[in-house]
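Below: one structure, written as structure tokens.
Only the coordinates and a few stated rules stand behind these numbers; no lab work does. Keep in mind it's a predicted model, so treat the numbers as computed, not measured. Here the Cβ positions follow ideal geometry from the backbone for every residue, glycine too, while neighbour counts run over all protein chains shown.
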Amino acid sequence: MAKATPSGGMGGVSGGGEDSSSGDGGADAAVGSLRSSIRPTYPEIDALYSDAYLAAVLSVPDRAYEYARDEKIAKALEWRRQYGVEALLAAFRCDEDAGGIFRAKADDDTPQTEQTSGNAATDVSKQPPSALFVPSAYLVDVCLSGAFTFAGFDRAGRGILFSKTALLDWWSTGAEDGIRYHVLVLEHALKKLAERNNSSSKKESTSQSTS
């Protein structure tokens, strides 16, 4: 499979003899280059995207490195900022003990700080007050409905999203708050997936060091 390289051209097929750097080393170099080029503008790339995901984006056949960088990664990060994903996440917490519903943090004593990363780019407490998100009563209600929840993993380790559409009243919720609700659930699912992957990696590393 041809892979995009930082020069914008297509690297040789792995094992094909056209480019000796097109194996894992070439992929690692491409991912490193992608992070380095985007990090000055979007430092949150390190907290949000794994190397495996970035490598997958870069390895799509006939996709130029510049297209992957500018159109797929940079634009996605810009969308997150414009949409206010981090501020939205900071306004709610997932109550897993209550079946995965989302409660507004304004009803808690919990500080409005997103805990998924440790840098200022994704820490709402370090952003100006205008960046804080105040949810509508409709969004608060639908987040308490349990209409859309993360339900753990299947035997293959894939995330399960459970939807009870009868509990979601689109007419009263509205499209905008309905989409925000979906973003909350999907972001929570991605966070749990990342935690699972990190835990598995640590276990493998420990197993290798003791063998």
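Observations, loosely collected:
- Cα→Cβ-extended label distance, 7 Å offset, between LEU186 and LEU167, nm: 2.0 nm
- Here the Karplus curve 6.51 cos²θ - 1.76 cosθ + 1.60, taken at θ = phi - 60°, turns the phi angles of the range 99-107 into couplings of x, x, 6, 10, 9, 5, 5, 5, 8 Hz, with x standing for Gly and Pro.
- Applying 1/(1 + (r/R0)^6) with R0 = 35 Å to the Cβ-Cβ distance of SER200 and GLU176 gives a FRET efficiency near 0.45.
- Across the range 43-59, computed HN-Hα scalar couplings (Karplus, 6.51 cos²θ - 1.76 cosθ + 1.60, θ = phi - 60°) run x, 5, 4, 5, 7, 9, 10, 7, 4, 4, 5, 4, 5, 5, 5, 6, 8 Hz from first to last residue, x flagging Gly and Pro.
- Karplus (6.51, -1.76, 1.60) ³J(HN,Hα), θ = phi - 60°, over the range 138-145, in Hz, Gly and Pro reported as x: 5, 5, 4, 5, 5, 5, 8, 6
- Close amide H contacts of GLY152 (hydrogens built in the peptide plane, cut-off under 5 Å, sequence separation of 5 or more or a different chain): ILE160.
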